[in-house]
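None of the figures in this text is laboratory data; all of them are computed from the coordinates on show. These numbers come from a predicted model, not from an experiment. Neighbour counts run over all protein chains shown; Cβ positions are idealised from the backbone, glycine included.
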Amino acid sequence: AQKVTQAQTEISVVEKEDVTLDCVYETRDTTYYLFWYKQPPSGELVFLIRRNSFDEQNEISGRYSWNFQKSTSSFNFTITASQVVDSAVYFCALLNQAGTALIFGKGTTLSVSS
Amino acid sequence: DVKVTQSSRYLVKRTGEKVFLECVQDMDHENMFWYRQDPGLGLRLIYFSYDVKMKEKGDIPEGYSVSREKKERFSLILESASTNQTSMYLCASSFGSTGGNQPQHFGDGTRLSIL
C-alpha cells in the first residue's frame, strides 16, 4: 500500500529560526514521484516541488530546501530563516501507483511568530 | 500561470438538495480532480477525469458524481446533500495523459456547509 506520513501536526517557531518538516512515504514502486504543497490561510494549495525517485540530489530554492533520502523513505523540507509569511499548512504527497492521483499526508501546520 | 477557478468560495445548502460545484481551468489540461479536505484527514480524492466524458472513482466517491462535458470544465455533483458532506472541496488540474506525473494545480477551494 502507498502511504504518506507527516508526523508533525503543528510546529511553532519564531521568525528567523530554521525549521524542518518531516515526510515519510511508503511505496513498493521503483519509480515514483513526490511533491510538496503549501496551503496558506487563504486556502489554495500552492505547488512547491516535484521529485522523482531517480533524482536523489537535494534541491534548494531560496530559503527552501528539500532532502530526499531513499534509504529512509523520507523527503524532508527545510525553511531557513523562517518568516511570518511562511505560516501555512504544508502537505507532502506521493503520486499513486496508477499515476492518476496524489496521496497526501495529513499536513503540518507551521506557525511563525514575529 | 495556470488558473483553476472554482465557482464559489462559500456555499450553504440544505439536506437533500442537489448541489453542483463547478471548476474551470484555462491551461488545456487533460486531467482534472476533485478532493475534499477535512481536519485531521488531509485531502482525499473523490473523482478524477483524464479526458472529456471520462471519469474514474477516487477513494471516497460515495454520494458524489461528476460531469466533464468540456475539457476545461469539471463539475462535482452531490446528488442528495447530507450533513457529513460539509467540507472544503478542492479542484485541481494537471497536464498529461491518464494522470501522469505533472504537478496538479489547485483552485481556491469551496467551503460547503450542509444544514
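Things worth noting here:
- The gain in end-to-end length when the residue B:9 to residue B:52 segment is fully stretched comes to 13.0 nm, 0.36 nm per residue minus the alpha carbon separation.
- For the range B:1-55, the pair-distance distribution built from all alpha carbon pairs, in bins 10 Å wide starting at 0, is 18, 45, 33, 4 percent.
- Here the simple spin-label model places points 7 Å from the Cα toward Cβ, and for residue A:60 and residue A:29 these points are separated by 3.0 nm.
- Highest-MSF residue in chain B out of B:73, B:36, B:14 [GNM, Cα springs under 10 Å]: B:14
- The range B:1-61 and the range A:11-34: distance between their alpha carbon centers, rounded to Å: 26 Å
- For the protein assembly as shown, the fraction of alpha-carbon pairs lying more than 26 Å apart is 37 percent, rounded to a whole number.
- Sparse-neighbour loop sites [chymotrypsin sites (Phe, Trp or Tyr not before Pro); the range A:1-101; at most 11 other C-beta within 10 Å; DSSP]: A:54
- The alpha carbon convex hull volume per residue for chain B rounds to 94 Å³.
- Diffusion coefficient of the range B:52-115 by Stokes-Einstein, Kirkwood radius over Cα pairs, 10 °C, 1.306 mPa s: 119 µm²/s.
- Across chain A, the longest run free of exposed loop sites, meaning GluC sites (Glu not before Pro) lying outside DSSP classes H, G, I, E and B with no more than 15 other Cβ atoms within 10 Å, spans A:57-114.
- For the range A:77-91, backbone phi angles converted through the Karplus equation (6.51, -1.76, 1.60; θ = phi - 60°) give residue-by-residue couplings of 10, 10, 10, 8, 6, 4, 10, 4, 5, 7, 4, 4, 9, 10, 10 Hz, Gly and Pro being listed as x.
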